[in-house]
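In what follows, a structure is listed as structure tokens, so that the remarks can point back to it.
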Amino acid sequence: MEYKNLIVKTEDNITTIIINREKALNALNLETIEELIFCLNDIKKSSDTRVVILKGAGTKAFVAGADITAFKNKTPVTIRNLVLNLQAVINMLEDLPMPVIAAINGYCLGGGLELAMGADIRIASETAILGQPEIKLGLIPGAGGTQRLSRIVGTGIAKELIFTGNNINAKRAYEVNLVNKVVPQEELDSVVQKLAENLAEGPSFALNMAKEAVNRGTQMAISDAVRMELELFALCFAHNDMKEGVDAFLNKRKPEFGK
Ligand code: CAA
């Protein structure tokens, strides 16, 4: 597919998706959301991709939210369908078997933060501004913000951010565990790339099982979740990567996964 609003490239098993609507601060319109669905479906089927990086074009924004120009004259039914598609994108990110890293530069607001929360790891530049400002539009977050933010930062901080609509800087986002790391803006790409390379060299099946265990397990009762973890742990014994990892350890050499 020829993308209009995305740049997608795969190199050394790392697929980078750039949301490319710089003039609108990479706001998510329906076309972009549909392209993301197509792109993520492609990645899901690809045997080339071992890690995904998600970022926005330019240095001013990751994504400044859903495209507000699309809100005018919408009925509850038509807006519901649009945001259902955005929810689908975020669910797809979470369900991808490989790790997804969000590189957050500049504004990461509303649907942009909801999108970033679908990633497994969020790295922010010092210039990042994050928030759920929907309340200022007379709205609430609609693409998972009330739920994922509460689960990541706890209900107290989530309610403060959602009720006030006030944005926070990268330092505060790190303090409340919303991002994993904050780096100088000029280092963001290289830090994210290095992490992606590190993960791409890892055992992809075990990484998939680890993601599954964390994502599904945290939605279950702990007794069921640890039992599920045990089954996934045992399943890793069926994969060559486990044989390679153990053999490499016992023979004091670096493992070569995915062979
Ligand atoms: N939708 C559509 N266009 C947007 C946009 C958005 N979410 N955010 C920014 N833009 C556009 C602006 O309209 C402007 O376009 P023009 O040049 O054609 O006027 C361009 O991007 C640059 O933006 P600004 O001139 O506003 O830049 P700024 O530096 O003065 O301000 C900002 C930056 C604080 C991020 C401001 O643009 C802003 O507040 N944006 C809206 C943020 C927001 O409310 N996001 C939540 C959207 S609702 C949502 O996401 C719902 C959901 O949960 C699904």
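Worth a mention:
- The set of residues in region 210-259 being basic (Lys, Arg), under 22 Å from Leu96 (Cα atoms) and exposed (fewer than 10 other Cβ atoms within 10 Å of the Cβ) consists of Lys259 alone.
- For region 150-164, the count of residues that are within 12 Å of the ligand (Cβ to nearest atom), over 30 Å from Lys194 (Cα atoms) and either within 12 Å of the chain's Cα centre (by Cα) or surrounded by fewer than 23 Cβ atoms within 10 Å (Cβ to Cβ) (or both) is at least one.
- Scanning region 133-149 for residues that are of a type in the set (Gly, Ala, Ser) and over 21 Å from Gly217 (Cα atoms), we see that the one that is surrounded by the most Cβ atoms within 10 Å (Cβ to Cβ) is Ala143.
- Set Ile17, Ile33: member being in a strand (DSSP E or B) and either among the aliphatic types (A, V, I, L, M) or at pLDDT 95 or above (or both): Ile17
- Verdict on Leu130 being within 13 Å of the ligand (Cβ to nearest atom), buried (at least 24 other Cβ atoms within 10 Å of the Cβ) and at pLDDT 95 or above: yes
- Among (1) in a loop (DSSP other than H, G, I, E, B); (2) farther than 25 Å from Lys55 by Cβ; (3) modelled with pLDDT of 95 or more, the one test that Leu178 misses: (2)
- For region 166-190, filtering for residues that are surrounded by fewer than 18 Cβ atoms within 10 Å (Cβ to Cβ) and in contact with a Pro (Cβ under 9 Å, 6 or more places away or on another chain) leaves 1.
- Some residue of region 56-74 being on the phi > 0 side of the Ramachandran plot and at pLDDT below 95: yes
- Of everything in region 56-88 that is within 7 Å of the ligand (Cβ to nearest atom) and hydrophobic (A, V, I, L, M, F, W, C), the residue that is surrounded by the most Cβ atoms within 10 Å (Cβ to Cβ) is Ala66.
- Residue match in region 238-258 (condition: at pLDDT below 95 and either under 19 Å from Gly118 (Cα atoms) or not assigned by TED's automatic domain parsing to the domain that holds Ala102 (or both)): yes
- Of the numbered criteria (1) in contact (Cβ under 8 Å) with a residue 40 or more places away in the chain; (2) closer than 18 Å to Lys60 by Cα, the one Pro97 fails is (2).
The values are calculated or read from the model by the stated rules, or taken from the named source; none is laboratory data. Keep in mind that this is a model prediction, so the values were computed, not measured. Neighbour counts run over all protein chains shown; Cβ positions are idealised from the backbone, glycine included.
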